[in-house]
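What follows is a set of notes on a single structure, which appears directly below.
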Amino acid sequence: MALINQAKKEIQLKIVYYGPAQGGKTTNLEKVHSDVETEKADEKGKLTSLATSSDRTLFFDFLPMEALSIKGYRTKFQLFTVPGQVIYNTTRQLVLRGVDGIVFVADSQYSKMEENVESFTNMEDNLKTLNMSLADIPYVLQYNKRDLDNVAPMEYMEYLLNNREVEVPSVQSAALNGDGVFETLNMISRLLLHKFINERARKAS
């Protein structure tokens, strides 16, 4: 749920990157943190890692240089990853609390299709545990590692992960090279802002 900071005149939106282990979630956040531009140095938070024995959760926040201003309030984005390994499912649930939008990072390698589906199902289950529904949360699909040789066709991945009554936007990426990283972020940002503006308009009417 979007948080409104009256003192700083900011709207804070939380985006969580979800997906199987080693799928590219961490690489996405590292690329965004490295390359995103803000007007002032202190408008980009430090990339923080909560490390476990074999996995980690990353997060930071930032005010984009060209952030949309809504009635005098600037938009601040908080980006999080979840740990990919199943044993850290409790941590995944904690990270999902208060989520506004999700980027599901799928591994395009044929050998990872089962893990993609399992992770997506796990995401839906964790949202239900938190009394949330994917139907109410803007999300995009990122099909990562498209630069490798043994990748599944896009049509097949769409069938596995986007075969729903309402299809969501999807992006091809090679996050290690930076390809598709900001396209994905821009897409989920637009969806979030569109939803926020529409909800505010409904409440005001």
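The values are calculated or read from the model by the stated rules, or taken from the named source; none is laboratory data. The structure presented is a predicted model; accordingly, all values stated were derived computationally and were not measured. As a convention, Cβ positions derive from the backbone with ideal geometry for all residues, glycine included, and neighbour counts pool all protein chains shown.
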>> Only one of ASP100, ASP136 is buried (at least 17 other Cβ atoms within 10 Å of the Cβ), charged (D, E, K, R), out of contact with any Phe, Trp or Tyr (no Cβ under 6 Å at 6 or more places or on another chain) and under 30 Å from LYS44 (Cβ atoms). Can you tell me which?
In response: ASP100
>> Quick check on this structure: which one of LEU63, LEU47, LEU68, LEU94 is at pLDDT below 75, surrounded by fewer than 18 Cβ atoms within 10 Å (Cβ to Cβ) and not aromatic (Phe, Trp, Tyr)?
In response: LEU68
> Mind checking which residues of region 172-183 are in a helix (DSSP H, G or I), more than 19 Å from LEU63 (Cβ to Cβ) and in contact (Cβ under 8 Å) with a residue 24 or more places away in the chain?
Replying inline: ALA175, LEU176, ASN177
> Of (1) within 20 Å of VAL36 (Cβ to Cβ); (2) buried (at least 22 other Cβ atoms within 10 Å of the Cβ); (3) over 11 Å from the mean Cα position of the chain (by Cα), TYR73 satisfies all except one. Which?
Replying inline: (2)
> Has region 140-150 got any residue that is farther than 22 Å from ASN28 by Cα and part of a loop (DSSP other than H, G, I, E, B)?
Replying inline: no
> How about region 72-112: which of its residues are more than 19 Å from ILE188 (Cα to Cα) and of a type in the set (Gly, Ala, Ser)?
Replying inline: GLY72, GLY84, SER108, SER111
> Quick check, is VAL151 surrounded by 19 or more Cβ atoms within 10 Å (Cβ to Cβ) and either closer than 14 Å to GLY23 by Cβ or modelled with pLDDT under 95 (or both)?
Replying inline: yes
> (1) within 23 Å of GLY180 (Cβ to Cβ); (2) modelled with pLDDT under 75; (3) small (Gly, Ala, Ser): which one isn't true of GLY19, the others all being true?
Replying inline: (2)
> What is the number of the single condition among (1) in a helix (DSSP H, G or I); (2) within 17 Å of the chain's Cα centre (by Cα); (3) under 20 Å from THR26 (Cβ atoms) that THR90 does not meet?
Replying inline: (2)
>> If I filter region 109-132 for residues that are surrounded by fewer than 13 Cβ atoms within 10 Å (Cβ to Cβ), at positive phi and outside any helix (DSSP H, G or I), do I get at least one hit?
In response: yes
